[in-house]
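The values are calculated or read from the model by the stated rules, or taken from the named source; none is laboratory data. Worth saying up front: this structure is predicted, and the values here are computed from it rather than measured. Here the Cβ is made from the backbone with ideal geometry for all residues, glycine too, and neighbour counts use every protein chain on show. Heads up: the accessible areas ignore ligands, DNA and RNA and are worked out on the full protein's heavy atoms, side chains in. Shrake-Rupley method; radii C 1.70, N 1.55, O 1.52, S 1.80 Å.
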Amino acid sequence: MHYFSNMTIGRKLYVTFGFVLAMVVMLFFVTFIAVRREHAAKAAATQALELAQAIDKIKFQMMQNRLYLGNYLLSGDTREIDHMNEGIHALAQRIRDTEGLAGSDQQRSRLEQVALSEQGWANEFANPLVKKRKDVDEGNATVAELQIFYLQKDSASWVKNATEYLDNVDHENSKLLDARRSSDETASSW
């Protein structure tokens, strides 16, 4: 207080103005950092939502491909095979696109495993069944033999493997989003 008593009014005003100006600058930086964190959190949430939607689209395409195969095996309609082959290519593209949305190396690795699993499904499950159905159409095999061949291929394991990988990606996505939220809540409380 003694320091201020010896100062002139003009000098006191300059010191007070400097103090207020320093507070405004400090508040500007704190607000700027908070806004940047908020934008980053929104971007992360948007990316997580896009990844979740992409995973759902992958799952849907996988089921579509299996439906096309099943329809072909039942009907022998070759248009269903064309749809399945288009779906296999679309699925591969969706997986590649989704890898770009992945937020971690673990997610990308799981998506690569999904791609490999689906290639295996096409090569080791779908194509042999298509061939066996063609044998039925040509009279070289019976429908009963096709059914037995289908059951031996264990269709459920193919679906289970691929969906487990996708569920892992989805779980990892949720964990990353929760960690980001927690970090943002801690920063905002500060």
Inspect segment 61-81 for any residue being among the aromatic types (Phe, Trp, Tyr), in contact with a helix residue (DSSP H, G or I) (Cβ under 7 Å, 6 or more places away or on another chain) and open to solvent by 30 Å² or more (accessible area, probe 1.4 Å) and give the result as yes or no.
yes
Cβ pairs under 9 Å, 6+ apart, first in segment 143-156 and closer than 13 Å to Phe125 by Cα, second open to solvent by 80 Å² or more (accessible area, probe 1.4 Å):
Lys153/Glu124
Restricting to segment 33-76, what's the tally of residues that are of a type outside the set (Val, Ile, Thr) and under 24 Å from Ala115 (Cα atoms)?
25
Of the residues Glu38, Glu86, which is at pLDDT below 95 and either more than 29 Å from Gln152 (Cα to Cα) or open to solvent by 60 Å² or more (accessible area, probe 1.4 Å) (or both)?
Glu38
How do the pairs read when you match residues in segment 38-65 that are at negative phi with residues anywhere that are at pLDDT 90 or above and among the aromatic types (Phe, Trp, Tyr), using Cβ under 9 Å and keeping only pairs 6 or more apart or on different chains?
Met62/Trp121; Asn65/Trp121
Restricting segment 140-153 to residues that are over 36 Å from the mean Cα position of the chain (by Cα) and not in a helix (DSSP H, G or I), the residue that is farthest from Leu74 (Cα to Cα)
Asn140
Based on what the data block shows, is Val25 out of contact with any Asp or Glu (no Cβ under 6 Å at 6 or more places or on another chain), hydrophobic (A, V, I, L, M, F, W, C) and either loosely packed, with under 10 Cβ neighbours inside 10 Å or at pLDDT 85 or above (or both)?
yes
Could you say whether any residue in segment 111-128 is closer than 30 Å to Arg37 by Cα, at pLDDT 90 or above and of a type outside the set (Asp, Glu)?
yes
Inspect segment 154-171 for any residue being out of contact with any Gly (no Cβ under 8 Å at 6 or more places or on another chain), open to solvent by 60 Å² or more (accessible area, probe 1.4 Å), assigned to a helix (DSSP H, G or I) and of a type in the set (Phe, Trp, Tyr) and give the result as yes or no.
yes
Under 19 Å from His171 (Cβ atoms) and either open to solvent by 90 Å² or more (accessible area, probe 1.4 Å) or of a type in the set (Gly, Ala, Ser) (or both), is that true of Leu49?
yes
Looking at Ser174, Ser183, Ser117, can you tell me which residue is closer than 19 Å to Tyr68 by Cβ, in a helix (DSSP H, G or I), open to solvent by less than 60 Å² (accessible area, probe 1.4 Å) and among the polar types (S, T, N, Q)?
Ser117
So for segment 139-161 (the condition being over 28 Å from Lys57 (Cα atoms), charged (D, E, K, R) and modelled with pLDDT of 90 or more), does at least one residue qualify?
yes
Residue hits (segment 91-103; open to solvent by less than 60 Å² (accessible area, probe 1.4 Å) and in contact with a helix residue (DSSP H, G or I) (Cβ under 6 Å, 6 or more places away or on another chain)) are Leu91, Ile95, Thr98, Glu99, Leu101, Ala102, Gly103
